[in-house]
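Engineer: Please read through the structure below; I'll follow up with questions.
The values are calculated or read from the model by the stated rules, or taken from the named source; none is laboratory data. All of these numbers come straight from a predicted model, not from anything done at the bench. When we count neighbours, we look across all protein chains shown, and the Cβ atoms used for this are built from the backbone with ideal geometry, even at glycine.
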Amino acid sequence: MTTADVRDPAPQAVGAEEAAVDAPRPAERLSALAQQHGALVTLVLAVLAAALTFEPFLTADNLQNMALSSAFLAVVALGMTFVIVTGGIDLSVGSLFALGGVLAAWGSQYGTAVALLLPLAVCGLIGVLNGVLIARSRLAPFIVTLAAMLGARGLLLAVTDEGSQTYLVDKSTFFAALGQGRLLGVGVPVWIALVLFAAGALVLRRTRFGQYVYAVGGNEDAAALMGAPVARTKITVYTLSGLCAGLAGALNAAWLVSGVTILGSGMELEAISAVVIGGTLLTGGSGFLSGSLVGVLLLKVIQNVINQIGSLDSAYQQVVSGAFLAVVVIAQTWLGRRGRRT
Amino acid sequence: MLSVTGISKTFPGVRALDGVDFTARAGEVHALIGENGAGKSTLIKVLTGVYRPDPGEGTMTYDGAEAAFATPLEAQHAGISTIYQEVNLVPLMSVARNLFLGREPRGRLGLIDFRRMHRAADEALRELGVRVDVRRPLRELGVGAQQMVALARAVSVDARVVIMDEPTSSLEPREVRTLFGVIRMLRERGIAVVYVSHRLEELYEICDAVTVLRDGRAVHTGPMAGLDRLRLVSLMLGREAGEVREEGRTEFTGGHQVTDAEPVLSARKLTARHHLREVGLDVRPGEVVGLGGLLGSGRSGTAKAIAGALPLDSGTVVVAGAPVRTGSTPAAIRAGISLLPEDRKAEGIVPGLSVRENIALAALPRLSRFGLVDEARIDRIVDTFIQRLRIKAAGPHQKVGELSGGNQQKVLLARWLAMHPKVLLLDEPTRGIDVGAKAEVQRLIDELAADGLGVLLISSDMEELIEGADRIVVLKDGAVVEELTGEAVTADRLMRAIATAPVGGPA
């Protein structure tokens with residue numbers, strides 16, 4: 001994977017490949033369609049309903065806000081998708097998101113390079129550690145990343161004097177522009193997230209590493225017997241997840257122009273929800289990035305709508321998100337069983 | 001091409017391979033055979049880098065040089081491909097992706113060229129006579145077609161040695177023909193093929209040489225042609241024809257009081273794809289019927305089918321005149337059929353529970369009223385069985401996991417006897433237990449038969465089978481080939497029956 005790939009995402013080609021894959025029997029096609037596009041259809045319906053019901057929904061400001069807050073979660077969900085396709089889980093991303101933000105804000109006083117590289121280095125390293133413990137020591141991903149989640153949170157408190165110290169970002173720096181700036185009227189973080197998703201989709205669908213990710217999640221023993229580098233693949237996806245969380249945190253800090261310590265708790269669950277709603281199987285072996293993006297948007301639209309219904313307690317937002325997740329998982333299981341029977 | 005000399009592999013407590021010599025030559029199909037636990041799988045795993053042999057003992061040479069494979073990947077890169085008994089591919093991925101995982105054709109920027117990959121996959125499969133949409137997920141294919149994909153993957157990597165572990169166990173006869181065609185093609189290309197199978201006909205048809213493993217040792221290596229079938233079977237079973245001692249090796253008294261009563265168990269035309277073909281047998285009250293045959297001949301399958309644990313395509317089971325719904329274990333148990341499974345650790349005992357709890361487990365529904373368990377009654381029953389079966393335990397509350405293998409087996413037996421069965425199916429009841437306990441279990445079987453139970457006995461121990469059974473139904477490739485009764489129940493006749501030519505094709 002070189003940087004040249006990133007600049008040449010060739011999204012049409014990716015789309016064509018996905019379309020070509022599902023051409024079998026009707027029942028199979030239906031279940032595949034529902035798995036791949038169920039979230040998209042729901043998103044369209046939700047947006048339509050919101051636009052018709054709430055006048056402020058379609059205003060430029062509101063859309064911009066939604067797009068921005070989606071962008072940070074989306075970058076986290078990007079890494080999470082790779083992890084979940086291998087059949088794993090990464091609970092540390094919320095803490096890494098917050099840690100990345102604080103490190104970026106602190107580092108911004110030494111320039112943009114430090115502000116970006118420091119959180120990437122630290123969060124990437126924690127990701128490597130997660131991966132090594134999971135792949136080489138064969139520990140359960142749940143426990144390893146739970147430990148990393150607690151550890152990273154502790155590290156964050158240590159860096160910020162128990163959370164009392166908030167580092168600010170100078171608004172005039174290039175780093176702040178990465179969060180605050182706009183390109184063609186759309187926030188820079190949104191562009192970054194989109195480019196990363198295009199690149200990520202290319203990696204997942206069109207590279208050998210991507211095939212290994214699916215193979216490891218689909219049948220780890222078989223993948224090993226076929227000569228796939230199982231351990232290396234796992235370490236790579238957890239590293240990727242750590243890097244994504246750190247980057248998202250840094251961008252978020254640039255947007256807020258400060259390293260807010262209380263962010264990110266519960267974000268890992270939000271990211272997992274988005275990935276699963278997007279059609280990626282929690283058991284591994286099947287999934288795609290465009291779905292995760294749709295999942296993120298769906299969660300954010302629901303949040304936005306409930307925030308706008310002033311009369312409704314914002315706590316209900318989580319009830320609705322939770323209900324959505326339950327429905328999706330039930331549908332997945334059901335469709336999966338049907339698919340196997342044919 | 002690939003050979004090992006004096007190689008050993010020891011697991012904790014088990015010496016799976018003991019100084020084995022084996023050579024696979026280029027352009028030769030070499031059969032590797034042996035009964036359960038003989039060491040075939042271990043040898044294959046050593047050859048393919050899954051296991052490492054015991055250090056300091058023996059050598060492995062590949063292509064003229066000393067070799068040691070640390071991982072399956074290393075062995076594959078060296079040109080050793082393996083097709084495992086169970087298909088080892090990724091079901092959710094497409095056929096083409098499975099075929100090319102790790103060596104996808106790549107175009108510009110190192111991205112996978114799917115068009116080229118699909119075309120190549122299609123060609124590779126067509127060459128093997130398989131026509132499928134290579135873009136479909138593998139799991140949509142039948143098991144046979146999946147096996148062919150695995151084969152295509154194995155031969156398309158420029159393999160120089162191809163190892164096949166029971167490749168035909170899930171294939172249709174037509175697919176077996178295709179497979180043999182491919183094997184002949186490989187042989188002509190000068191590839192060394194190692195072929196593992198239990199089906200003697202296949203070995204004689206396709207193999208040039210044979211190595212027989214038994215108890216971790218290579219007991220025979222030589223050309224396939226000219227090797228007498230009977231001799232081959234006796235090599236596998238470890239008995240020279242006529243060498244089997246007919247008396248005194250077991251605790252069986254021989255001959256039971258078999259009445260001419262109606263059979264208590266009557267199975268007809270049991271058929272299950274890839275397992276059984278129209279298997280039929282009768283067991284009368286007080287009779288011990290043995291099931292003979294090699295590993296994979298359908299012995300355990302027959303027992304499981306009767307006990308409702310193997311779904312049947314067709315066939316009937318009748319117990320004491322009443323038909324039993326097949327494919328349902330509760331129905332079979334209610335009808336009075338009890339199965340003592342082969343793998344008692346995985347399918348039988350609950351080691352963490354006490355002797356008492358293990359015995360009462362299956363009978364709980366019978367011993368409880370309104371969902372409440374009648375403790376006093378359980379105590380009575382448990383005590384009775386501990387005494388009657390002579391279970392050696394510190395008391396009814398000792399954990400079963402702490403008992404010896406023989407006593408664990410007795411606890412299992414007690415569990416099923418507490419159900420008051422009419423028919424008892426025993427799958428390898430004395431495997432892995434010490435000699436003393438073995439004798440006691442054998443005596444018990446005799447006693448149970450004398451009490452009027454119908455017993456179906458599966459055993460790889462030939463003395464046990466011959467002396468314990470009043471009749472032996474011989475299975476081969478999932479079908480009954482012969483029934484030995486009375487004077488004909490001898491080791492010689494049994495081996496002859498196993499070695500004889502088949503009826504029809506494989507199941």
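Engineer: Can you tell me which residues in the range B:279-309 are small (Gly, Ala, Ser) and touching a helix residue (DSSP H, G or I) at 6+ places or on another chain (Cβ under 7 Å)? Can you show your working first?
Structural biologist: Of the range B:279-309, the ones small (Gly, Ala, Ser) are B:280, B:286, B:290, B:292-293, B:296-298, B:300-301, B:303, B:305, B:307-309.
If the condition is that a residue be small (Gly, Ala, Ser) and touching a helix residue (DSSP H, G or I) at 6+ places or on another chain (Cβ under 7 Å), then B:286, B:290, B:292, B:293, B:307, B:308, B:309 are the ones that fit.
Engineer: So which strands (runs of 3 or more DSSP E) stay within the range B:311-358 end to end and still have 3 or more residues that are under 26 Å from the mean Cα position of the chain (by Cα)?
Structural biologist: Values: elements: B:314-319, B:322-324, B:337-340.
Qualifying strands (runs of 3 or more DSSP E): B:314-319, B:337-340.
Engineer: Same structure, new question: Would you pick out the residues in the range B:91-121 that are assigned to a strand (DSSP E or B) and either among the small types (Gly, Ala, Ser) or more than 7 Å from chain A (Cβ to nearest Cβ) (or both)?
Structural biologist: B:94, B:106 - these are the residues of the range B:91-121 that are assigned to a strand (DSSP E or B) and either among the small types (Gly, Ala, Ser) or more than 7 Å from chain A (Cβ to nearest Cβ) (or both).
Rundown of residues vs (1) at pLDDT 85 or above; (2) out of contact with any strand residue (DSSP E or B) (no Cβ under 6 Å at 6 or more places or on another chain); (3) of a type outside the set (A, V, I, L, M, F, W, C); (4) surrounded by 14 or more Cβ atoms within 10 Å (Cβ to Cβ), yes/no style:
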site: B:312; (1), (2), (3), (4): yes, no, no, yes
site: B:318; (1), (2), (3), (4): yes, no, no, yes
site: B:348; (1), (2), (3), (4): no, yes, yes, yes
site: B:351; (1), (2), (3), (4): no, yes, yes, no
site: B:360; (1), (2), (3), (4): no, yes, no, yes
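Engineer: Can you run down the residue pairs with Cβ atoms below 6 Å, 6 or more apart or on separate chains, where the first is in the range A:173-190 and more than 17 Å from residue A:62 (Cα to Cα) and the partner is part of a loop (DSSP other than H, G, I, E, B)?
Structural biologist: A:176/A:169; A:176/A:257
Engineer: Given the condition at pLDDT 75 or above and more than 14 Å from chain B (Cβ to nearest Cβ), answer yes or no: does some residue in the range A:18-40 qualify?
Structural biologist: Taking the range A:18-40 as the starting set, the residues that turn out to be at pLDDT 75 or above are A:39-40.
Next, only the ones that are more than 14 Å from chain B (Cβ to nearest Cβ) stay: A:39-40.
There is at least one residue in the range A:18-40 that is at pLDDT 75 or above and more than 14 Å from chain B (Cβ to nearest Cβ).
Engineer: Checking residue B:173 against (1) at pLDDT below 90; (2) away from chain A (no Cβ under 13 Å); (3) within 24 Å of residue B:48 (Cβ to Cβ), which single condition isn't satisfied?
Structural biologist: Going through the list (1) at pLDDT below 90; (2) away from chain A (no Cβ under 13 Å); (3) within 24 Å of residue B:48 (Cβ to Cβ), residue B:173 breaks only (3).
Engineer: Also, quick follow-up: Look at the range A:184-221 and say how many of its residues are within 14 Å of chain B (Cβ to nearest Cβ) and outside any helix (DSSP H, G or I).
Structural biologist: If we filter the range A:184-221 for residues that are within 14 Å of chain B (Cβ to nearest Cβ), which is where we start, we get A:198-221.
Okay, now just the ones that are also outside any helix (DSSP H, G or I), so A:207, A:219.
Residues in the range A:184-221 being within 14 Å of chain B (Cβ to nearest Cβ) and outside any helix (DSSP H, G or I): 2 in total.
Engineer: Which one of these is more than 14 Å from chain A (Cβ to nearest Cβ), within 31 Å of the chain's Cα centre (by Cα), surrounded by fewer than 20 Cβ atoms within 10 Å (Cβ to Cβ) and assigned to a loop (DSSP other than H, G, I, E, B): B:181, B:129, B:190?
Structural biologist: Details: B:181 fails: assigned to a loop (DSSP other than H, G, I, E, B); B:190 fails: within 31 Å of the chain's Cα centre (by Cα).
Going through B:181, B:129, B:190 in turn, the sole match is B:129.
Engineer: Within the range B:34-78, can you find the residues that are within 14 Å of chain A (Cβ to nearest Cβ), on the phi < 0 side of the Ramachandran plot, of a type outside the set (S, T, N, Q) and assigned to a loop (DSSP other than H, G, I, E, B)? Can you show your working first?
Structural biologist: Let us first name the residues in the range B:34-78 that are within 14 Å of chain A (Cβ to nearest Cβ), namely B:41, B:44-45, B:47-51, B:69-78.
Subsequent filtering for residues that are on the phi < 0 side of the Ramachandran plot retains B:41, B:44-45, B:47-48, B:50-51, B:69-78.
Right, trim to of a type outside the set (S, T, N, Q) and you get B:44-45, B:47, B:50-51, B:69-70, B:72-75, B:77-78.
Passing the criteria: B:50, B:51, B:69, B:70.
Engineer: For the structure I just gave you, tell me whether residue B:368 is hydroxyl-bearing (Ser, Thr, Tyr), within 28 Å of residue B:323 (Cα to Cα) and modelled with pLDDT under 80. First the steps, then the outcome.
Structural biologist: Details: hydroxyl-bearing (Ser, Thr, Tyr): yes; within 28 Å of residue B:323 (Cα to Cα): yes; modelled with pLDDT under 80: yes.
Spelling it out, residue B:368 is indeed hydroxyl-bearing (Ser, Thr, Tyr), within 28 Å of residue B:323 (Cα to Cα) and modelled with pLDDT under 80.
Engineer: Could you tell me which of the residues B:443, B:471, B:431 is over 29 Å from residue B:276 (Cα atoms) and either surrounded by fewer than 24 Cβ atoms within 10 Å (Cβ to Cβ) or of a type outside the set (Lys, Arg) (or both)?
Structural biologist: Working: B:471 fails: over 29 Å from residue B:276 (Cα atoms); B:431 fails: over 29 Å from residue B:276 (Cα atoms).
The conditions single out B:443.
Engineer: Condition first: assigned to a helix (DSSP H, G or I), away from chain B (no Cβ under 14 Å) and not hydrophobic (A, V, I, L, M, F, W, C). Now tell me which residues in the range A:222-259 satisfy that. Give the steps one after another, and end with the answer.
Structural biologist: Taking the range A:222-259 as the starting set, the residues that turn out to be assigned to a helix (DSSP H, G or I) are A:222-225, A:230-256.
When the remaining residues are screened for being away from chain B (no Cβ under 14 Å), the result is A:234-256.
Selection gives A:234, A:236, A:238, A:239, A:241, A:242, A:246, A:249, A:252.
Engineer: Can you tell me which residue among A:279, A:287 is outside any helix (DSSP H, G or I), surrounded by 22 or more Cβ atoms within 10 Å (Cβ to Cβ) and touching a His at 6+ places or on another chain (Cβ under 9 Å)? Spell out the reasoning first.
Structural biologist: Working: A:287 fails: touching a His at 6+ places or on another chain (Cβ under 9 Å).
After applying the criteria, what remains is A:279.
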